[in-house]
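Computed from the coordinates by the stated procedures, all read-outs in this text should not be read as laboratory data. This one's a predicted model, so the numbers in the text were calculated from it and none came from an experiment. FYI the Cβ positions are ideal-geometry reconstructions off the backbone, even for glycines, and counts take in every protein chain you see.
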Amino acid sequence: MIVDELGRLVYNTPKLYPKQLEFLKGSDKVTYNGYGGARGGGKSFCLRPKAIQLALKYPGINILFVRRTLRELEENHLPYFERELGGVCRYDSKKYLFKFPNGSRLRFGYVNTENDMETYQGQSIDAIFIDEATHFTEKMFMKFTECLRLSDTIKPALEKGLVFKPRMYLTANPGGVGHYWFKRLFIDKEYRGDEKAEDYRFVQSLVFDNEFILKNDPKYVERLQALPEKERQAMLYGDWDSFEGQFFEEFDEELHTFDPENVCIDGETGVFEIRNNWRIYRSRDYGLDMLAALWCARDENGTFWVYREYGKSNMPVSASGEKLNNLTSPEEVIYSDIAPPDMWNRNQQTGRSAADILYRECGQRLLKANNDREMGWLMVKELMRINPATGRPYLQISRNCTQLIKCLRIIQHDEKNPNDCAKIPHDITHFPDALRYLCSSYTYAPSGIVMPGEVRKRTFADYALDLGDYEDKEDVESNGYIEMGDLDDDWFSWSINWKRNWSFNSRKGRSKFTGKLIKGFKDWPKRFFRD
Ligand SMILES: Nc1ncnc2c1ncn2[C@@H]1O[C@H](COP(=O)(O)OP(=O)(O)O)[C@@H](O)[C@H]1O
Ligand SMILES: [Mg+2]
């Protein structure tokens, strides 16, 4: 940018490609402008000239340009602005702020944690550029939307007849902590509360839109083409359903979901119906923020049919229990009612736990799930494998369970631990957690075990007490146990005292229980899964 003889600012806008122009041109009338998809399409590039153009056209405008980290700002954007604006604009390097001679301000920002967003509290920003928007959490994005309003400094320009609508420019690749909200608003177009369809606009970006790359770096496209299928879809074609960092990479709707109106079970096709000899499990994740519940029936082939889901936020404990009871018909006899261990925590004031309330007020005897996350996910993934008996995965989810399906598709790896999934965004963790509690509370028995009749008449607590590792029946209850069916659906019980890391085992064909310490506890699900 230069100042000409008449003192005017002259900025030579780089030549933009048609897709970039399409994105920028339609933006003045819409609040949220999304530009997303494949990597290398020229998304970040076109934000820079737009920011400068706005600063020149609307004297006094207040512009914010953000990336998630300072390093990304320094590498991708600041050098360009320093080159273009240096000498003409005053630069405050502490505030990352360029002040234009016409009073416009262009400020750069980055956000380490959600708490950093407090610095934006109460600000009025006319235009916000969010580069790599899917690196920001929904909370961060919401905070930015709160700042998006006409600033005091732009008002004189508007009073002179210029028209400006506060707006955002967002670019994004699939994947990242913000994948979910970005996809919801710009791809799925599912609006909540005050969100209105006309405020959102999306332009799909492809690497093939970028002449610069095609000409100068054809290897880049080749490299994208060589990525594993899922990443390739995301990075090359901007597919929002598969992306880098997806936790359940194996999850495939073709394989893992079924149409409850038209499903083939044992060669018979028709409406999904639970047969008499199947066992029904109900599993929930419960917190004040969200109740997420799943109903699952397990058939004689070992297939787990997840046939119903229910999700609701802000439900008091007893209301949540009543609701689940109402949704369960009398014919659906719940074999295990599985819940996370924190439901046994006692409330400090009342001394009662959620499990206690649900037992007394709703008649629900909950089974305490194990909360070893890594092991639990491993078990979910085990059930996603193909069952040789049916040729389909053990896990089958009804297409009516839309929330569970959606969450499984988009939940990400934890950044630090590849064996765990990300705990943010928090609202998509509840259904996967309910599924995890279900899977970690149920596994196959070692094959071929037949329990003699006389043993079967005893209660589980009796077996556990025989071992001498539990103090009394209450101890058995509070430490939890798992009940499993074996291949012939002859049932037996299996105790796992999760806290003490031991379990007991039954010897094939004998009625005697042996208190057998299982070392390498974390491996046990692997060992006992039927292949
Ligand atoms: N209109 C353009 N003219 C010249 N080079 C461009 C243009 N648009 C993008 N590029 C270059 O293409 C490369 C990828 O662009 P970038 O904006 O980083 O893509 P994205 O943000 O979509 O991943 C960069 O090197 C960028 O400088
Ligand atoms: Mg970019």
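Seen from L21, the other residues with C-beta closer than 15 Å to its C-beta sum to a net charge of +3, counting Lys and Arg as +1 and Asp and Glu as -1. Dipole of the stretch 2-237 computed with +1 at Lys/Arg Cβ and -1 at Asp/Glu Cβ about the Cα centre; of T31, T137, T69, farthest Cα towards the positive end is T31.
Full-extension gain between Y80 and N419, please, as 0.36 nm times their residue separation minus the C-alpha to C-alpha distance. Numbers along the way, then the final one.
Details: separation 339, 0.36 × 339 = 122.04 nm, distance 3.95 nm.
Going from the current span to full extension adds 118.1 nm.
Where in the stretch 397-429 is the amide nitrogen less than 16 Å from a point lying 7 Å along the Cα-to-Cβ axis of N301? Inside the label zone: 397-398.
Gap in Å between the Cα centre of the stretch 385-438 and the Cα centre of the stretch 88-137? Each part reduced to its Cα centre gives a spacing of 37 Å.
For the stretch 243-342, applying the loop criterion from DSSP together with a ceiling of 11 other beta carbons within 10 Å to the trypsin sites (Lys or Arg not before Pro) yields R275.
The Cβ shell under 13 Å around G311 holds other residues with a net charge of 0, Lys and Arg each +1, Asp and Glu each -1. Spin-label pair D239-L162: with each label point 7 Å from Cα along the Cα-Cβ axis, the two points sit 4.5 nm from one another. Cross-link check: pairs K189/K416; K94/K155; K99/K183; K368/K423; K29/K160 evaluated at a Cα-Cα cut-off of 29 Å; pairs beyond the cut-off: K189/K416; K99/K183. Just the number, please: percent antiparallel of the DSSP beta bridges in the stretch 253-441, rounded to the nearest 5. Of all bridge pairs located within the stretch 253-441, approximately 65 percent are antiparallel.
Taking 0.36 nm per residue of sequence separation and subtracting the Cα-Cα distance, how much length would be gained by fully extending the chain between Q225 and N325, in nm to one decimal?
Values: separation 100, 0.36 × 100 = 36.00 nm, distance 5.08 nm.
Length gained between Q225 and N325: 30.9 nm.
The slack between I2 and D472, meaning 0.36 nm per residue of separation minus the straight C-alpha distance, is 160.7 nm. Under 1.5 on a/c is rounded, so check that first for the stretch 36-76, then, if it is not, pick prolate when a/b is larger than b/c and oblate when it is not; a ≥ b ≥ c are the square roots of the alpha carbon gyration tensor eigenvalues. Here the stretch 36-76 falls in the oblate category.
Using 1/(1 + (r/R0)^6) with R0 = 35 angstrom and r between the beta carbons of N314 and E254, what's the FRET efficiency to the nearest 0.05?
Details: r = 35 Å, r/R0 = 1.01.
In this case the efficiency is close to 0.50.
Give me the net charge of N400's neighbourhood, meaning all other residues with Cβ under 15 Å from the Cβ of N400; Lys, Arg count +1, Asp, Glu -1. Charge balance in the 15 Å sphere: -2. Counting only the Cα atoms, the stretch 2-237 fills a convex hull of 135 Å³ per residue.
Please say if the stretch 61-138 is rounded, prolate or oblate, where rounded means a/c under 1.5 for a ≥ b ≥ c the square roots of the C-alpha gyration tensor eigenvalues, and otherwise the choice is prolate for a/b larger than b/c and oblate otherwise?
Details: a/c = 2.09, a/b = 1.40, b/c = 1.49.
Here the stretch 61-138 falls in the oblate category.
Each residue of the stretch 67-78 is assigned a 3J(HN,Hα), and the resulting list reads 9, 5, 10, 5, 4, 5, 4, 5, 7, 9, 10, 4 Hz, derived from the Karplus form 6.51 cos²θ - 1.76 cosθ + 1.60 (θ = phi - 60°), x at Gly and Pro. In the stretch 253-441 the Cα-Cα distances spread across 10 Å bins starting at 0 as 9, 37, 36, 16, 2, 0 percent of all pairs. Backbone N atoms of the stretch 130-171 closer than 16 Å to the 7 Å Cα→Cβ label point of T69 belong to residues 131-137. Residues of the stretch 134-154 with an amide N closer than 19 Å to a point placed 7 Å from the Cα of L97 along the Cα-to-Cβ direction: 144, 147-154.
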